[in-house]
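Below is one structure; the comments refer to it alone.
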Amino acid sequence: MTHLTVSLGLRLRWITLLAEGIAYMHSKDVVWCDCKLPSVLVTADLDVMLCDFGGSSSDGCPASIGPPIFYMLPSQLDNPTWRFPPNQDKVAFSTSIFLLLARRWPLRSKFLEEHSTWEEMQQVEHKYRQGGFDALSPEAYPELAQVAQKCWRDEYTSTEDMLRDVCKGCAATLKEYEQRARAQLYGDISPWTVQQAPKGLRGSGRLFLSDTETTNVKVATGESPCRSRYPRRMTQLSRPLSGRFELRVATMVNFTILAGGYATFVASYLFDTDASSLTLLNQSPTGSNPSWITLHPTNSSILYAVNENSAGELQSYTVGPQGALTGPVGQTSSGGDSPAFTVALKTGQVAIMNYNSGNGFILPTTPDPLHFGSASLITFPASVSHPHMVLEHGNEVLVPDLGADKIWRLTEDGSPGKWAIRGEIPQPSGSGPRHIAIFEDTLYTLHELASTVTAQHMPAAPNGTSTILTQLSTVPPNNLTGATWQAGEILIPAPNVKFPTPYVYASNRNTGSTIDPRGDTVAIFATRPELKLVAQVYTGLDQIRGMEFGGENDEYLVASGVVGSGGVVVFRRTEGGTGLVEVARNTQIPNRTSFLWGSW
C-alpha cells in the first residue's frame, strides 16, 4: 500500500475507505484495536478489505491484542487491562495516514522499504513514549495533516466527524494537485516541466509533470484509482531521485452506457468526456419491453432484463464489445403481470417484481449465472399491491409497494429462492412509495403519487417504527394548469474525494396535458443537517423514469424521458453536487427508461 509507485488518487481512496470502515465498526460498539496497514488488504481490483479482528473489543470487553507500538496511544503502551477506547483506532488511523502519504516511518527519515538498526528503533521508541509524533507536511497536505493531528490529540468527539473531515481533506488534496497540473499548462508553476505522454491511453490530453532535475520519469499506466467497471482518471504523485515531487495526470475518457426501454432492444452509447459527445453504438435485439436492466454483481459481462408485459419474463444476456448483447441465454417467467424492476443481489440471486399482479420472485442463479433456478412466488398481502423496486440492505430485501403504502421487509427463508415477508415499514396513506435509498441510518423514500421525498431513521427489523423527520415536495415551481405530477427516481451517490457531501437526486414526471417547454426537472436535496431542497434542474426531458450516476467519482448523470423527443442526456455534476450541467445529448432514440455504466 505504501509502494512508491502507488498513485496519489489510489492512496487517498484507501484512506477514505479505511476511515469509513473504522466509523462503521465504532457505530456497532466495536474497537478494532489492531488497526495497522498489514491488516488492510488490497484486492485484485485495487479495493481494500479490513481484516484481523480476532482480538478486537466489543461492547467494552477487553481486547486480546493490540497494534504495534507506532499505532498505539502512548498512554496505552503499558496498559495491562487491554481495554482500549475508540480513540485508539483514531490514533492508529493517524499513523496510517502518515505512512500512506509520507511513505516513511514516524520520527524516522528512512523510507518504509529501508531497514533501521536496533539502536535507531530504540531511540525512536523512546521519543514516541515521550509523546513525540511526526506531522505531515502542512504545505503538501494541509487538510489531511490537520486530520492526522486531531486524531493523534484525540480532538474528535465522534468517528463520524473524523470521516467527514477525511472526505473533505482527500477531495481538497486531489483538487489541489490536479490544479497544479492544469496550471502548468499555462506556465504558472515554474519548477515544473510538462512533457506529452506516449500514446497508449485514449485522448491527447494525457500529460504528466516532472521536476526538471528528474532524469528517469515513468509514465503512468492504466492503474485504476478506485473500484470500477470502467477506466478512470489517475493522478499519481511520486518522489523522484531529486527529492521533489512529480505529478502525473492520465485521463481515461470513454464510457459505455447501456439503456433499456419500451421497445424490443437494449441500446448502447459511447460517452466521450473529452469531446463531450454521446454516440449511439448498437441496438441489440431483446424480448419485448426490456424496461429495466441490471448487471450481475461480480461479472459485468452478464446482464439481466425484464420483459414488462402482461405475461412478464426475465432474460439473461452476455455483454460484448461496445455493449452489444448476445442472447437471450436464459429466460424464465416473472410469475406475474408487468415486471417493472429487477436487480441482482450480492448473493447472485436475481429479484424481479410484478407491478400489476403484486408479486415477484427472487431467483437463484448458481452455479450458472446465465440460467435461473426455481423459486417460491412472493405474494404481498394487500388488497392493492404494486411492488416497484427491490433494495438489498444487510441480510434484508426491502420492497416499496406503491399500492399498499408500505415498504415490505423480506429475508431468506432457509435456502436461495425461498424468501419470506418478516415485517413492514408503513408510509403515509395515499403517498405511493415508489423507490427508496438508504444513506447511513436514514431511509429516504420517493412517493410517486404525492410527489414527495421523506426522510426517517431506518427502523429496527422486523417491525420497528420511526417517525418521518422531513417530507418535502419534488415538484418545481410552476403555473401549469393541466399538470399532473408523479415522482420517478431517487438516487444518492456515495460521497467520494471529489463530491464529499451527500445529496439526494429525485426525478419529476409531469404526466398531464400541459407541459413545461424546459422539460421536467431533477430536484436536488441536501441531507445534512436535515433534508432541504437546494436546486431544481430543468432537463429538456419529459417524464424521467430512470437515471443513473457513473463516470469518475460518479461525476456524470445519464437520464431520458419515457415520452417526448428529448433522447438520452448526460449531465455533469457541478458546485460540489448541487448543480447539473448538460454536456452531451443524443436524440436518435427518443425515449429510454433505465441505464448501466461500463467499459465494454
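Computed from the coordinates by the stated procedures, all read-outs in this text should not be read as laboratory data. Quick caveat: nothing in here was measured; it's all calculated off a predicted structure. Every residue, glycine among them, receives a Cβ derived from its backbone with ideal geometry; neighbour counts consider all protein chains shown.
Put in line by how crowded their Cβ is, counting other Cβ atoms within 10 Å and starting with the fewest, 411, 326, 342, 539 read 326, 411, 539, 342. Checking every one of the chymotrypsin sites (Phe, Trp or Tyr not before Pro) in the stretch 248-338 against DSSP loop status and a limit of 15 other Cβ atoms within 10 Å picks out 262. When each of 42, 30, 390 is scored by the number of other beta-carbon atoms lying within 10 Å, the sequence from fewest to most is 42, 30, 390.
Counting charges near residue 501 (Lys, Arg +1; Asp, Glu -1) among other residues having Cβ under 10 Å from its Cβ returns a value of +3.
Legend: distances between Cα atoms for 175/346; 150/346; 150/175; pairs beyond 25 Å are 175/346; 150/346. Taking a ≥ b ≥ c as the square roots of the eigenvalues of the Cα gyration tensor of the stretch 419-487, is the shape rounded (a/c under 1.5), prolate (a/b larger than b/c) or oblate? Note, shape of the stretch 419-487 comes out prolate.
Ranked by how many other Cβ atoms sit within 10 Å of their own Cβ, fewest first, the residues 457, 26, 386, 447 fall in the order 457, 26, 386, 447. Summing Lys and Arg as +1 and Asp and Glu as -1 over all other residues whose Cβ lies under 11 Å from the Cβ of residue 287 gives a net charge of -2.
Taking a ≥ b ≥ c as the square roots of the Cα gyration tensor eigenvalues, with a/c under 1.5 meaning rounded and otherwise prolate when a/b beats b/c, else oblate, which class fits the stretch 314-406? Since a/c reaches 1.5 and a/b is larger than b/c, the shape of the stretch 314-406 is classed as prolate. Shape descriptor for the stretch 395-440: Rg over Rh equals 1.03 (Cα atoms; Rh from the Kirkwood inverse mean 1/r). All other residues whose Cβ lies under 14 angstrom from that of residue 348 are scored, Lys and Arg at +1 and Asp and Glu at -1, for a net of -2.
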